Structures are given as C-alpha cells and as structure tokens.
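Student: One structure, pasted below without further comment.
The values are calculated or read from the model by the stated rules, or taken from the named source; none is laboratory data. It should be emphasised that the depicted structure is a prediction, and the values quoted were computed from it without experimental measurement. FYI the Cβ positions are ideal-geometry reconstructions off the backbone, even for glycines, and counts take in every protein chain you see. For the accessible areas, the whole protein counts, side chains as well, though only heavy atoms, and no ligand, DNA or RNA atoms are used. Shrake-Rupley method; radii C 1.70, N 1.55, O 1.52, S 1.80 Å.
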Amino acid sequence: MTTTEVTGWESAVLDGGPADGMRMKVADRPRVLQVTFPCRTEAVPDGPRVEAVFIYRRDYAVTQEPLRYGFDIASP
C-alpha cells in the first residue's frame, strides 16, 4: 500500500507560466488548477480585491507522482 492510497493526496508540480516549478499536494487528481496572485489597488483597504488568475491543466500522460499541470496560456 502506498502513501497515496492511505492519505488520498498526491504530489504535483506546475509547469510553465508565472508559478513554474511550484509544488503542492492535490486530492482526487483535479483536471484544472487555478493560481491567483493579488494585484495592488489604489482603493481603500476594505474595498474589493483584484487578483490575476492563471489556469493550469493536468498532463494526462503523467500517471505517477509528481503529477504535472501545464500552464494554459489561453485561459481565461
């Protein structure tokens, strides 16, 4: 029995884009991961937030840890 079978979590790494090389643990092999970075605003601190959104899609050719998620330049 592997650690993955016991915990349900698997190692994953992001490939390309602004979060290239970032490592994390994922559960249930999600098809898509969303990475956000806060943007600075000139509004008051209690006002709305602005975040840059980047999408990473799972590489189905990789079946063992670490799973790979490639940057999707076309999204959103």
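Student: Restricting attention to segment 1-16, and to residues there that are open to solvent by less than 40 Å² (accessible area, probe 1.4 Å) and in a loop (DSSP other than H, G, I, E, B), which single residue is modelled with the highest pLDDT?
Tutor: So the residue we want is 16.
Student: Of all strands (runs of 3 or more DSSP E) completely enclosed by segment 25-76, which ones contain at least 2 residues that are open to solvent by 100 Å² or more (accessible area, probe 1.4 Å)? Show your work before the answer.
Tutor: Values: elements: 32-38, 51-58, 67-71.
Result: 32-38.
Student: What pairs come out if I take residues in segment 40-69 that are over 16 Å from residue 28 (Cα atoms) and free of Cβ contacts under 8 Å to residues at least 60 places away in the same chain and pair them with residues that are open to solvent by 90 Å² or more (accessible area, probe 1.4 Å) and not in a loop (DSSP other than H, G, I, E, B) whose C-beta lies under 7 Å away, six or more apart or interchain?
Tutor: 49/38; 51/38; 53/34; 55/34
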